[in-house]
1. Return 61, 24 ranked ascending by Cβ neighbour count within 10 Å, so the fewest neighbours appear first.
2. If the cut-off is 16 Å between C-alpha atoms, which lysines fall inside it for residue 88, apart from same-chain ones fewer than 8 positions away?
3. Under a plain spin-label model, where a point goes 7 Å from the Cα along Cα-to-Cβ, how far apart in nm are residue 101 and residue 38?
4. If the cut-off is 29 Å between C-alpha atoms, which lysines fall inside it for residue 60, apart from same-chain ones fewer than 8 positions away?
5. Compute the length gained on full extension between residue 93 and residue 59: take 0.36 nm times their separation in residues and subtract their Cα-Cα distance, giving the result in nm to one decimal.
6. With label points built 7 Å along Cα→Cβ from the Cα atoms of residue 47 and residue 79, find their separation and express it in nm.
Amino acid sequence: MRNASILIAGLAAAASIALVGCDVKKTQEGNVTVPKYDVQKTQEGSVTPPKYDVTGPDVKVGSTTKEVTVPKVTTEKETITVPSVDVKTGQEKNAEKQATTKP
C-alpha cells in the first residue's frame, strides 16, 4: 500500500506541474486498489561485479596566438514583422465566460 501512495503522490506532483496555467475543478472522486503478492525465496543470491583496470588519457589544455582575417560587419535598424503570443489561463477564460453570461 505504501508504494501505491508514493505512486499517487508522484503522479499528482507531475500533473500539478503540467497544469500550472489551467483552471481545474474536481468532478469525481478517484480510487486506486493495488494487487497483493505473496513471494517466497527459492534460493540464495550472490552478486560479484566484474573488476576493471582503467587508464585514462593525458589531456593538456593551453592556448596559442594565431593571426586570422576577420570580415567587418555593419548593422542598421529595420522594421520587421515577428510572431506574437497571447496566453489566457483557464481561470481568465472562465471569468470572461461568466462576464458575458451575466445580464
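Each value in this text was obtained by applying a stated rule to the coordinates, not by laboratory testing. This one's a predicted model, so the numbers in the text were calculated from it and none came from an experiment. A quick note on method: Cβ atoms are made from the backbone with ideal geometry, for glycine too, and the neighbour counts reach across all protein chains shown.
1. On the way: 61 4, 24 10.
Fewest-to-most Cβ neighbours within 10 Å comes out as 61, 24.
2. Within the straight-line cut-off, residue 88 pairs with 97.
3. 5.5
4. 51
5. Numbers: separation 34, 0.36 × 34 = 12.24 nm, distance 5.85 nm.
Separation in residues times 0.36 nm, less the Cα-Cα distance, equals 6.4 nm.
6. For residue 47 paired with residue 79, the spin-label model returns 6.8 nm.
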